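Structure first, then comments.
The values are calculated or read from the model by the stated rules, or taken from the named source; none is laboratory data. Note that this is a predicted model, so its numbers are computed, not measured. Positions of Cβ are generated from backbone atoms using ideal geometry, with glycine treated the same way; all protein chains shown enter the neighbour counts. These accessible areas exclude ligands, DNA and RNA; they are computed on the full protein's heavy atoms, side chains included. Shrake-Rupley method; radii C 1.70, N 1.55, O 1.52, S 1.80 Å.
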Amino acid sequence: MIGIIDCGLGNIASIKNMLKKIGCENVKAITASEMLFEVEKIILPGVGAFDAGMKLLNNSGMREVLDHLIKNKNIPILGICLGMQMLGIRSQEGKQDGLGYIDMECFKFSNKIVENGILKIPHMGWDYVEILGKSKLVTGLDRKQERYYFVHSYYAKCQRNEDVQMTCNYGADFVAAINYENIYGVQFHPEKSHKYGMKLLKNFIEL
């Protein structure tokens with residue numbers, strides 16, 4: 001079973017619909033800690049601000065079990081957008097500690113003057129990525145044609161280069177996908193990224 005954390009962090013319905021499109025019917029929104037013991041993989045969606053997201057998760061009653069399953073049982077987890085950022089240590093956006101599953105911090109985009117004007121914040125819309133890693137998450141993806149839908153004002157930096165699976169460029173390169181052991185994350189929204197998102201989610205489901 002695929003469990004999607006449902007504590008007010010993101011649009012659960014769109015992720016469930018995309019998973020059904022790739023043939024994954026055994027999906028459940030997880031609203032209580034005891035439900036986590038039923039799942040084989042976990043998706044952590046996220047929209048909004050870092051501190052608000054961490055408070056929702058910490059107050060949900062699921063944090064202790066989630067930590068146990070990820071750290072001790074090696075259950076795979078996929079963080080999406082803010083959900084990916086929450087997998088790290090901290091974010092410039094707030095004062096709350098992140099989950100600490102991967103050595104990663106998040107920083108605010110700065111306004112950059114480019115040939116066509118000023119890059120607007122948030123970084124929003126379709127953008128191409130460069131695939132750098134060899135994780136199963138990116139297996140079989142086209143290293144020149146993959147593009148995904150982004151909406152974010154903060155970006156991640158990993159301490160370990162080998163954890164970076166994809167980068168994207170918005171004034172400068174930033175981390176678009178990560179993998180460390182059973183920890184996976186994408187800065188973009190695969191559930192809004194049509195066939196490209198389908199392929200990536202299918203890779204996660206088939207881990």
Residue check for G79: open to solvent by less than 10 Å² (accessible area, probe 1.4 Å) and outside any helix (DSSP H, G or I)
yes
Considering only residues that are out of contact with any Gly (no Cβ under 6 Å at 6 or more places or on another chain) and at positive phi, which ones fall in the stretch 50-102?
G61, N74, G100
Within the stretch 62-81, identify whether any single residue is modelled with pLDDT under 95 and of a type in the set (D, E, K, R), and answer yes or no.
no
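Residue by residue, here is whether (1) open to solvent by less than 40 Å² (accessible area, probe 1.4 Å); (2) in a helix (DSSP H, G or I); (3) closer than 23 Å to H152 by Cβ; (4) of a type in the set (G, A, S) holds:
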{"residue": "K16", "(1), (2), (3), (4)": "no, yes, yes, no"}
{"residue": "E34", "(1), (2), (3), (4)": "no, yes, no, no"}
{"residue": "G46", "(1), (2), (3), (4)": "yes, no, yes, yes"}
{"residue": "G61", "(1), (2), (3), (4)": "no, no, no, yes"}
{"residue": "H68", "(1), (2), (3), (4)": "no, yes, no, no"}
{"residue": "I75", "(1), (2), (3), (4)": "yes, no, no, no"}
{"residue": "E93", "(1), (2), (3), (4)": "no, no, yes, no"}
{"residue": "L99", "(1), (2), (3), (4)": "yes, no, yes, no"}
Report the residue count in the stretch 48-59 for those that are in a helix (DSSP H, G or I) and open to solvent by 30 Å² or more (accessible area, probe 1.4 Å).
6
Hey, could you check the stretch 124-181 for residues that are among the β-branched types (V, I, T) and closer than 20 Å to I102 by Cα and say which is nearest to the chain's Cα centre (by Cα)?
I178
For a quick check of your reading of the model, give me the residue pairs whose first member lies in the stretch 42-65 and is closer than 22 Å to H189 by Cβ, whose second is assigned to a loop (DSSP other than H, G, I, E, B) and among the polar types (S, T, N, Q), with beta-carbon atoms closer than 6 Å and at least 6 apart or on different chains.
D51/Q96; M54/Q96
Restricting attention to the stretch 1-12, and to residues there that are aliphatic (A, V, I, L, M) and under 19 Å from L57 (Cβ atoms), which single residue is surrounded by the most Cβ atoms within 10 Å (Cβ to Cβ)?
I5
Condition check: of a type outside the set (D, E, K, R), in contact (Cβ under 8 Å) with a residue 12 or more places away in the chain and under 21 Å from F188 (Cβ atoms). Does I12 satisfy that?
yes
